[in-house]
1. Can you find even one residue in region 151-162 that is open to solvent by 10 Å² or more (accessible area, probe 1.4 Å) and closer than 17 Å to Asp238 by Cα?
2. Which condition from (1) surrounded by fewer than 18 Cβ atoms within 10 Å (Cβ to Cβ); (2) among the β-branched types (Val, Ile, Thr); (3) farther than 29 Å from Tyr159 by Cβ; (4) at pLDDT below 80 is the one that Ile46 breaks?
3. Identify, from the list Gly313, Gly279, the residue that is in contact (Cβ under 8 Å) with a residue 40 or more places away in the chain and at positive phi.
4. May I ask you to verify whether Ile66 is of a type in the set (Val, Ile, Thr), open to solvent by 20 Å² or more (accessible area, probe 1.4 Å) and closer than 21 Å to Tyr191 by Cβ?
5. Yes or no: region 82-105 includes at least one residue that is in contact (Cβ under 8 Å) with a residue 40 or more places away in the chain, touching a Gly at 6+ places or on another chain (Cβ under 7 Å) and closer than 20 Å to Ile214 by Cβ.
6. Any idea which residue in region 115-148 is nearest to the chain's Cα centre (by Cα), counting only those that are open to solvent by 30 Å² or more (accessible area, probe 1.4 Å) and either hydroxyl-bearing (Ser, Thr, Tyr) or within 16 Å of Ser216 (Cα to Cα) (or both)?
7. Looking for whichever is of a type in the set (S, T, N, Q), under 22 Å from Ala104 (Cβ atoms) and at pLDDT 90 or above here; the options are Thr76, Thr8. Which one fits?
8. How many residues, within region 335-377, are among the hydroxyl-bearing types (Ser, Thr, Tyr) and touching a residue at least 60 places away in the same chain (Cβ under 8 Å)?
Amino acid sequence: SVIPILLTVGLLSYVERFLEKILPKMVKFFLKPLLSMLIVVVAAFIVLGPLGFLIGTGISTGLNMIDAYASWLVPTVVGTAFPLLVMTGMHYGLVPFMIQSYSARGYETIAGPGNLGSNIAQGAAALCVALKTKNPELKQLAFSSGITALLGITEPALYGVTLKIRKALYAVMLGGGVAGFYAGITGVKGYAFCAPGLLSLAAFVGPDGLSNVINSCIAMLISFIVTFGALWFTGFDDICLKAEERLSERKVSDEIIKSPVQGTVLALNEVKDKTFAEGMLGQGIAVEPIENCLVAPVDGEVTMLFPTKHAIGVRSAKGADILLHVGVNTVELEGKYFTAHVSIGDRVKAGQLLLEFEREKIQQAGFSTVVLVILTNTAMYKNIQEIHRGRIEENENLLEVSC
């Protein structure tokens, strides 16, 4: 029933937009949902349901063929590429096919076996970094995120450790791929939807007895040994430590950072994004905007402008590196609803317009518009103090940083 649902909702989106255009406002409130249901339900039963059933049957047949003739293929590819899929959000694209497989076969071999090896590889790489790095902050982050990755939650390890260290990412892909290959040739199956890891081995318990669980455990062991060994013996550049050493050569001064927008000030940990909320990119603050303009929070220079225009970096005249990020996951809009008024290298004054964004349209697209003000060279300051909470005006004092 998964494919018919997707087809039906897809049709509904077009029907709803069509009715929105043609119906008079005075009757739209009650006629639009009624007509939408009448049209879409009929189409679902007569056309989309049977079509979705045929597509689902085709997918199931294809999966059975892969299992029969190349059972190692999908787990190997997924185990190798899963960090890249997570990084881009494309791993959610596997979910409908997994559910279809559960429905048709009672188990799935699409993502679970390969994902299991990849998650363990993330934990192994993070723990290896923790043991070898000389950076105390990275060591603490790598230890904690490595343990959570072994338990099935890999985002802290991925964004906090392995994406920062290229060789660690390569080791994760190697370990995940080798483990996925073993899981594939031994026919490991997932019987429940979960984030695979040490705590979710029960998801691999099925009617075939202990063999599936044993092979799952062997796959995890292979993933850990290959990843940890590859990264340990090849070594890696302690990038974070070198970055701190370079930062220590720069001079910074105490200063006041002003609000880039008018709105309501929020603590960073209130933002619904782990990367920002946990301070992985640096300390800072957030502002829920009530207008569509983003202005410079300091006198300085534009050092970064994302091609999608949703984020701008400014270095103040006193040395603060400030990231201004509009929204959460708004990179997916690919620049739509954003207009930049500056370029990299431009000198700006506090209060000068940097970019405009169509706040309501961004929200209608399903994205938060909270503006994040992140001090990316946090390590150079002893104290970062909030000046303001609640309602704030544009260019009003927001943060005080001191050495």
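The values are calculated or read from the model by the stated rules, or taken from the named source; none is laboratory data. Note that the coordinates shown come from a computational prediction; the quantities given were computed from them, not determined experimentally. Using ideal geometry, Cβ is built from the backbone for each residue, glycine included, and neighbour counts are taken over all protein chains shown. Keep in mind that these areas ignore ligands, DNA and RNA; they rest on the heavy atoms of the full protein, side chains included. Shrake-Rupley method; radii C 1.70, N 1.55, O 1.52, S 1.80 Å.
1. Taking every residue of region 151-162 in turn, at least one turns out to be open to solvent by 10 Å² or more (accessible area, probe 1.4 Å) and closer than 17 Å to Asp238 by Cα.
2. For Ile46, the exception is condition (4).
3. The match here is Gly279.
4. yes
5. no
6. Thr148
7. Matching residue, one of Thr76, Thr8: Thr8.
8. 3
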